[in-house]
Amino acid sequence: MNKHPSAENTRDAAPVDEPKARKAKPKAAKRTCIMVLGMHRSGTSALTRAINLLGAELPKNMLGANLSNPTGHWEPERLIALHDQMLAEAGSSWDDWRSFDPNDLGAQRLRFYKAEIARLIDEEYGSAPLFVLKEPRISRFVPLYAEIFKRMRIDVRYVLIERNPLAVIASLANRDGFTTGFSSLLWLRHELEAERTTRDWPRIFVSYEAMLDDWRAGIEVITNTLRIDWPRSRAEWQSLLATHFSGDHQHFAASTSLLDADPRIARWIKEAYGALLELGKSNHDDVAMARLDAIRIEFDRASTIFGDACFPEMNVRIKTMSMVQAEVQRLADENSAEAEKLATEIEKMRAEGSAREAKFANDIAKARRDSQKEADRKNAEFKNSQVLIARLIGEIDKKDLEIAQKNEFILEEKHKLLHAAEEISALRKSKSWKITAPLRVTKIGGSRIASAISFRGSGRQAVKIVDLGKMSGAYYLLNRAISVLRDDGVHSALDRTKRYILRRRAALSSQNPSISGTTSSFSFTNEIGATNARRPLPERDFAIRTPLPKTSKVVLPKNLAVVIHAFYTELFPEILTSLKNIETNFKLYVSTSDEHKKRIISDMCSEYGVVNVEIRVFENRGRDVAPKIVGFRDIYDKHEYFLHLHTKKSPHLSDLEGWRSYLIGNLIGSTEIVRSIFSLFLSDKRVGVIFPQHFGPVRAMLNWGFDFEAAKNILRRAHWDLSKDSVLEFPSGSMFWGRSAAMKSLLDLELRFEDFSDEAGQVDGTLAHAIERSYLHFAECAGFHWLKVQSGAEPPSESLLTLEKPIDVRLLERVYVPLFEEPGRSELSLSRSYGELRPLRMTKSNNARPRINLLLPTIDPLWIFGGISTALKIFDEVADRLSGFDKRIIVLDSPVDANHMQGFQKYTLNSSVGGAVVFEAFDRMRGLDVRKDDIYVSTAWWSEYLRTFITGFQNKAFGRSSSALYFIQDYESNFVQWSSRWAIAESTYNLAENVIALVNSEELSSFMSQRFGRTDQIVVPFRVNETIGRKIRSVPKERIILCYGRPSAARNCFEIIVDGLSLWQQRNPIDASNWQVIFLGESFDAAKAWPVQNSAVPGKVSLEEYAEYLSRASVGISLMISPHPSYPPLEMAHAGLITISNNYDTKDISARSQNLVGLDQVTPDAVATAMEKCIQLAEENIGCVIDRKEIREIPLIGTRYDPTEIAARLRSST
């Protein structure tokens, strides 16, 4: 904060919304109040007394001095009591960090308090023309006082004093025992409310630290800004203030840099203090005020959720404690009176009085212990309530998702209802309705439909919708039955009905009753027995807008094949008209069902000038699909590209009449559209199929229908294991452009016409329908992908992408959805139970540059320990030897903030292009782009498990995968013993042939060889960190015990270390009193180290600070219940510390150094015994400079780590 803002920087003291003409010197009032606002312990008392010494009157009845404020509080005691009464009546208190609205008191009680405040102001200050009022509680309800003073004709000037939050927090902890988090929120509430409610009034921001530094300048700025003529002369008040401001009164000090670096302090606090600093320079800084407003909105929202849940319980707890304290005080008063009475009677009774006083002290101690025990219990309940709140929020989010899914289902049912109504209307007008009159024997059912349709009344509206939704399916089946009966006869109709009933019964018997009738992705079938499908959400169903810009120079390939099935010859001219938009030579192949149609087609081709045409007649079987892939199977080897079209009709639904024209228009509707499509083909040789976005009325109806089993069977012949959980995408309507090579997997099946069922007007459930839904799967089998296009004539949509150029490496990542993925894995139990196992959402990248990727849990500096540091070092060493490779760090388990990137200056965040990228995959919705020549380095069991899915994606997307590197840093299965996690972790050590096993340490290599029989592993021997080795100083050893204790890492046995140290201290109190215990590795509450004495918790420190501790300490302890030796004990031994660690299985830690003591049994007593021996040995080194001890190399199983060799192996696989 600017020490003392100038008068110019504070604008004017008049309200900011008044015109300039009114910003002259404020009109004189009968009385003027200087109101000091700010958080408790912020220097409000010192500033209030200073203003009093300038000549402003103080209240008559002031709160006296005490231990926490020995120079006095200078605030009206009766107003404090009234404020506490008012807050309590509204369910609040002085230490409540929720917002307070006096209107919650009700109109009558609010009038009472306004009157009482006015009365006390008059009684405390009388008619004083200038007085100072300070009571920190007022910061929370400034508008209440502003209204009262306005009525009393008292002019108010505000002085807002700011103090570094760290100092305030420390002072509150000392005085009230408040936690850092609680004090932070209390400070934030006072500062936000005081700043917001004084914006339209004369005010100034003053720094407490600045006043201590230069109080004269501060008083001058207050005087000039608030335009106050002090009653005392300058000489007089300068003399009085000369000794008032003293640094001796500041028991807690902190700098802005300390605040910014303190991980305990929340972002809100730091940003709010920064904004207040800016207001100290200009008290109406718009940017600073806007930032404070944003923080206040977030804070209010959180306060509503958590504060309202916590404070009622806390108030009950406080009330209970107050009653206990009052009772204790009453007992104290009674006993004191009795003791005084007895002391005045006779000398003999003094001894008895002393005994009673001792008993009284014991009672107080017991009462305090009981109170503390009750408070601890309530705190535990409060923490449990926080966990409950978090769980409830998660359940609410889950319910919101379910509601969204149900809404989508309702929309789909409404759409089916519309189709059913149209079918009914067409059915009643048809001849078949009259012919099949005997079938309509369900008169009662028909009357129910009529009553459901005509039903009125909102109370049963939902029932109406559900009944009609079910009946739409019934009418669909009735329409199918009529078609079969008409074309195939009664026996065929009965046979098909019987087969449907059997299938439907099996489907219903396998459904969970709780999800029956829904259309969720996991339910097997819909209400008519059709297999459900997973489809992209509408907002993520992307297509490319055509035509593309700048396509005039696109040259179409020669000798294209246009394959058309013309069953409805009357529709053939529409296609012939549009074929003129193909500006290159093409061969037209037409199929039809009889010779008469062939002659008609031939004549039409002649009429339209199409000469290079071949017409074939096939039996009417397999719709348009069989003629194209069976009848014309021989033509694809002659042409690189083809176009599939047919004379499509949809007689079963009237609103699909425009479907054919829509598809033709989006494929060959103009020369620009055709050139655009080939611009996409020519820019990416792996594009195999380009088809139109689905016709609007069709989109809600897309599913597997009755085709899933047929599709699964035919795709199995192409080595594709189909899952209904995979996304269903296909060229609906069976018209598309394609590369002949993309259809090879389908053509190689050598299907015959006999494989297709007889044509009977089927709208679903045939092999032809199954193949239509499988075209794109066969393209992916052949190593190709696909794109969707849509004419720009459609209304603008965010899902319709506009491209400036066809070569866009990000294009594929948005439009193409791999059909071999199973998105439902994210909803399975493993993903829901264990956050680290959430599957990645992957996209296929066209970028041809090779790339090496490192999978890390985090890059947050607070959570980077030895394992991550080593992984980063090895990654850099290998990547430096892979010239021409991009590199990427994929962060799996934590968000990436801007400050996390400070250690990665050469990397960009979340970019799909660039030589060095940090990609945050914590948000699994963000697509991870995968390249053909991507190499992945995993660093933990769960990242290796996820890597296997990335490799599977590579194999399916590109037909191959590169080698990978698994950096095994410990036997991590035992970190999660006897659980699903254990099973997954254990599976990761069964490596594929193209995965290099890189094992961290010689000890771990022996264990992995013994347990898994591995001998082909590469081993990274232990090396002292270069920075640590360089920074260790040769200085005399001191009586310091260095503990590597991480409470969050169970394998470090933090509890055993603490208990062992305490046992040693209690058994050796004289020795222990001379030794300081330092806990490093992780920041934690010092209370967790209780009852260890003489301890400190620096927590996680820099390497330089760690080296300084190693230089001075004499004894170390670091446990690791795993086969890995762990870095800290070896580093301690290297620095000359006599160090306690442990053995494990094949690990003999003492073989590394004579300074290492290896425990075979890890118990508190074993630690205490070893500590006593180590202290005795270390006493000889106190005051001496100890030479460093080299850590011995031990035999390894495998080959020694060489980054050049690993880089060569990885490069050879790309």
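Read-outs throughout are calculated quantities, based only on the coordinates presented, and are distinct from any laboratory measurement. On a predicted model such as this, the values are computed, not experimentally measured, just so you know. Methodologically, a virtual Cβ is constructed for each residue, glycine included, from the backbone with ideal geometry; neighbour enumeration extends over all protein chains shown.
What the table shows:
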item: Label-point gap, in nm, between D293 and R924 - each point 7 angstrom along Cα→Cβ; result: 3.9
item: Stretchable slack from H596 to E116, in nm (0.36 nm times residue separation minus alpha-carbon distance); result: 162.3 nm
item: Cleavage-rule hits, trypsin sites (Lys or Arg not before Pro), segment 846-944, DSSP coil, Cβ neighbours within 10 Å at most 10; result: K906
item: Burial ordering of S676, S1111, S894, fewest other beta-carbon atoms within 10 Å first; result: S894, S1111, S676
item: Proxy reagent accessibility, fewest Cβ within 10 Å first, across D1016, D725; result: D1016, D725
item: Chain lengthening between E1038 and N994 when straightened (0.36 nm per residue, less Cα-Cα); result: 10.7 nm
item: Distance in nm between pseudo-label sites at S552 and A916 (7 Å out along the Cβ direction from Cα); result: 4.5
item: Lys, Arg +1 and Asp, Glu -1 on Cβ, resulting dipole of segment 1094-1198 about Cα centre, debye, nearest 20; result: 100
item: Pair D200, A235: separation of 7 Å Cα→Cβ label points (nm); result: 4.5
item: Kirkwood-based shape ratio for segment 1026-1192, expressed as Rg/Rh from alpha carbons; result: 0.92
item: Signed unit charges on C-beta, dipole axis of segment 1026-1192, positive-most listed residue T1169, M1132, M1120; result: M1132
item: R0 of 35 Å, Cβ-Cβ distance N713-F949: FRET efficiency to nearest 0.05; result: 0.85
item: 14 Å beta-carbon shell around D1145, net charge (K/R +1, D/E -1); result: -2
item: DSSP-loop GluC sites (Glu not before Pro) across segment 962-998, with at most 11 other Cβ within 10 angstrom; result: E993
item: Cα Rg over Rh - segment 539-815, Kirkwood; result: 0.93
item: Ranked list, fewest to most other Cβ atoms within 10 Å of each Cβ, for W230, W97; result: W230, W97
item: Of K587/K638; K114/K150; K1100/K1147; K638/K744, pairs whose Cα-Cα distance is over 20 Å; result: K1100/K1147
item: Note, ³J(HN,Hα) from phi for segment 786-792, Karplus 6.51, -1.76, 1.60, rounded to Hz, x at Gly and Pro; result: 9, 9, 10, 10, 7, 5, x
item: Theoretical FRET efficiency, 1/(1+(r/R0)^6), r = Cβ-Cβ of K341 and N66, R0 30 Å, to 0.05; result: 0.55
item: Computed E for T584/I396 - FRET, C-beta separation, R0 60 angstrom, nearest 0.05; result: 0.55
